[in-house]
Amino acid sequence: MQNIILASQSPRRKQLLEWAEVPFEVLVQETDESYPPNLTPGEIAIHIAKNKALAIKNSTKISIPILAADTIVVLQNEIINKPKNREDAIGILTKLSGKKHQVITGVVILHNEKEIAFADVTEVEFHRLSTSQLTFYVDKYKPYDKAGAYAIQEWIGVVGIKSINGDFYNVMGLPVSRVVDIINNLVLVNG
């Protein structure tokens, strides 16, 4: 597989690409993560991912694929952001406890003049978790850089997830098998 640019500092996205044995280098530019009103959650994730990819494309002369992604958590039409602090993280997890929510990753791949954009949705249902379990998780794992205040590959995913409908790796931050398929096809078509 050809080398790609990952326009993300996410350690989880890096790890997933490494597991898939995709050769990549990380290039990141600060981007505005605001979005126009009236977008659907999937459109919001794609909008933010596209801004990340375009920031790299517009500042370099790279001719290899640029991959950007943004993951959001949605509970009953409310976007759940990254927690501001410990109390916010516990509050977010309390809201998610015992309920189903969606994890949506917007993915944008730019290669030469071609743009591929999609949103992948995974539905996750938590068991009802006690305040002591949530406090333990937040204090031990400090999930302050994670949408929805959790990482599925950590303790809370192992003991707290009742069901998943969709791509597990999407919840980690990248629907990696779909991305690899698209990149392979891009390189075959565009050389």
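Things to note:
- Candidates are the residues of region 5-15 that are crowded, with 21+ Cβ neighbours inside 10 Å and at pLDDT 95 or above; the one that is nearest to ILE48 (Cα to Cα) is ALA7.
- Within the option set VAL26, VAL22, VAL107, being touching a Phe, Trp or Tyr at 6+ places or on another chain (Cβ under 8 Å), aliphatic (A, V, I, L, M) and farther than 30 Å from PHE136 by Cα holds for one residue only, VAL107.
- Pairs with Cβ under 6 Å, 6+ apart, first in region 145-173 and touching a residue at least 12 places away in the same chain (Cβ under 8 Å), second small (Gly, Ala, Ser) and crowded, with 22+ Cβ neighbours inside 10 Å: ALA149/ALA89
- Only listed residue being part of a helix (DSSP H, G or I) and more than 26 Å from ILE5 (Cα to Cα), chosen from ILE182, ILE92: ILE92
- Identity of the residue in region 71-122, closer than 21 Å to LYS162 by Cβ and acidic (Asp, Glu), that ends up surrounded by the fewest Cβ atoms within 10 Å (Cβ to Cβ): GLU78
- Of residues in region 31-61 being free of Cβ contacts under 8 Å to residues at least 12 places away in the same chain and under 17 Å from the mean Cα position of the chain (by Cα), the one farthest from GLN9 (Cα to Cα): THR40
- Restricting GLU30, GLU21 to residues that are at positive phi and in a loop (DSSP other than H, G, I, E, B) narrows the list to GLU21.
The values are calculated or read from the model by the stated rules, or taken from the named source; none is laboratory data. As the structure is a prediction and not an experimental result, all values here were calculated from the model. Cβ sites come from the backbone with ideal geometry, for glycine too, and all protein chains shown count toward neighbours.
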